[in-house]
Amino acid sequence: MTADAPRHRVRVPDALLASFDDEAGRAWLAALPALAESYLDWWDLRLDGPPAHGTVALVLPVARPDGSRAVLKLQPVDEETRGEPLALRAWAGRDAVRLLDSDPATGTMLLERLDASRSLAGVADGTVALRILSELLARLVALPAPAGLPTLADTAAAMLDRLPHLLSRLEVPADRPLLTTCADAMREVLPEPGDRLLHWDLHYENVLARGSCAGSAGPTQWLAIDPKPLAGHPGFELLPALRNRWDDIVATGNAARAVGHRFRLMTEVVGLDRQQATGWTLGRVLQNALWDIEDGAATLDPQQATIARALLGIG
């Protein structure tokens with residue numbers, strides 16, 4: 001990388017600037033334009049469109065020296081993002097976006113460019129979209145997790161340690177026993193935490209099409225993006241898709257039945273034991289609830305409470 005004056009104009013979107021409210025995050029954002037410029041120089045890239053962003057990542061469309069299109073992804077390195085290059089390298093572009101290059105020192109990645117305008121969220125038929133996602137999930141978790149990733153066993157144990165302290169912060173009486181029941185269900189499956197390569201955030205907007213549909217032949221190839229890789233049991237992967245497109249759930253007039261339909265489809269396609277999948281899905285509800293409580297929530301998220309009750313069969 002060069003220390004010369006930047007040759008490119010990199011703008012950080014306002015929404016990304018607003019997503020960091022701690023000192024470390026603000027410091028990273030302040031250094032981000034120069035960091036992006038340095039990688040544009042290092043990999044000899046040319047900006048090729050307006051910047052985009054995720055929750056914590058800056059994504060720059062770029063052209064490589066040979067004219068091929070790619071994206072430059074820059075994000076802070078933490079427990080969730082550290083393993084992303086490792087997972088993408090393991091999937092090798094088959095069912096996830098292809099990793100072209102990376103720098104472990106900063107977590108910066110050069111990725112193939114997918115069609116950001118075409119995600120599974122745009123597939124009108126919810127059952128079709130869910131089946132596509134489930135089939136993709138089945139292929140992703142067919143791989144054993146490479147060494148060096150966080151494990152579901154450790155993650156689950158840490159959740160159980162934090163629960164007693166955080167449970168008292170819930171103000172609705174019915175919320176506490178529901179969360180305790182989720183913990184008990186996860187505790188039952190904890191002896192078999194699994195060793196599969198998990199995406200950890202597989203929902204419709206994190207599945208994009210490879211290439212453009214214009215003039216293309218054959219079926220669309222759907223690929224996962226933005227993994228938060230973890231080594232564990234595939235049952236821990238189901239909750240994001242269960243709660244996505246929640247308006248579709250509400251529109252059925254019977255949320256519990258609709259959740260059950262999604263759950264049965266996913267477990268059938270992925271080939272999961274439903275009792276184990278239930279325990280790990282309730283563990284995922286527990287994880288999200290603990291995060292919410294740590295962020296100041298005093299009640300359980302209604303959607304997740306509905307999913308938990310549906311899986312537990314308690315109405």
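Listing for the model above:
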item	result
Contact order relative to length of the range 14-113, as percent, for alpha carbon pairs under 8 angstrom and 6 or more apart	20 percent
Net dipole in debye of the chain [+1 Lys, Arg Cβ; -1 Asp, Glu Cβ; about Cα centre; nearest 20]	840 debye
For T181, net neighbour charge (Lys/Arg +1, Asp/Glu -1) across residues whose Cβ lies under 12 Å away	0
Per-residue Cβ neighbour rank within 10 angstrom, fewest leading, W280, W43	W43, W280
Relative contact order of the chain, pairs being alpha-carbon contacts under 8 Å that are 6 or more residues apart, as %	16 percent
The chain: DSSP helices with Cα axial extent of at least 24 Å and average Kyte-Doolittle hydropathy no lower than -1.0	23-42, 274-294
Structure-derived percent of Cα pairs over 28 Å apart: which label, when the choices are [x] 38; [y] 60; [z] 44	[z]
Cα centroid separation, the range 101-149 to the range 257-314 (Å)	21 Å
Pairwise centroid distance, computed over Cα atoms, of the range 177-208 with the range 227-254, Å	10 Å
Fewest-first ranking of T55, T267, using other Cβ atoms within 10 Å as the exposure measure	T55, T267
Cα-centred dipole magnitude for the range 56-197, charges only on beta-carbon of K, R (+1) and D, E (-1), debye, nearest 20	420 debye
Ranking of V56, V189, V270, V128 by count of other Cβ atoms within 10 Å, fewest first	V128, V56, V270, V189
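Throughout, read-outs are computed from the coordinates displayed, never taken from laboratory work. Since this is a predicted model, take the numbers as computed values, not measurements. Positions of Cβ are backbone-derived with ideal geometry, glycine not excepted, and every protein chain shown enters the neighbour counts.
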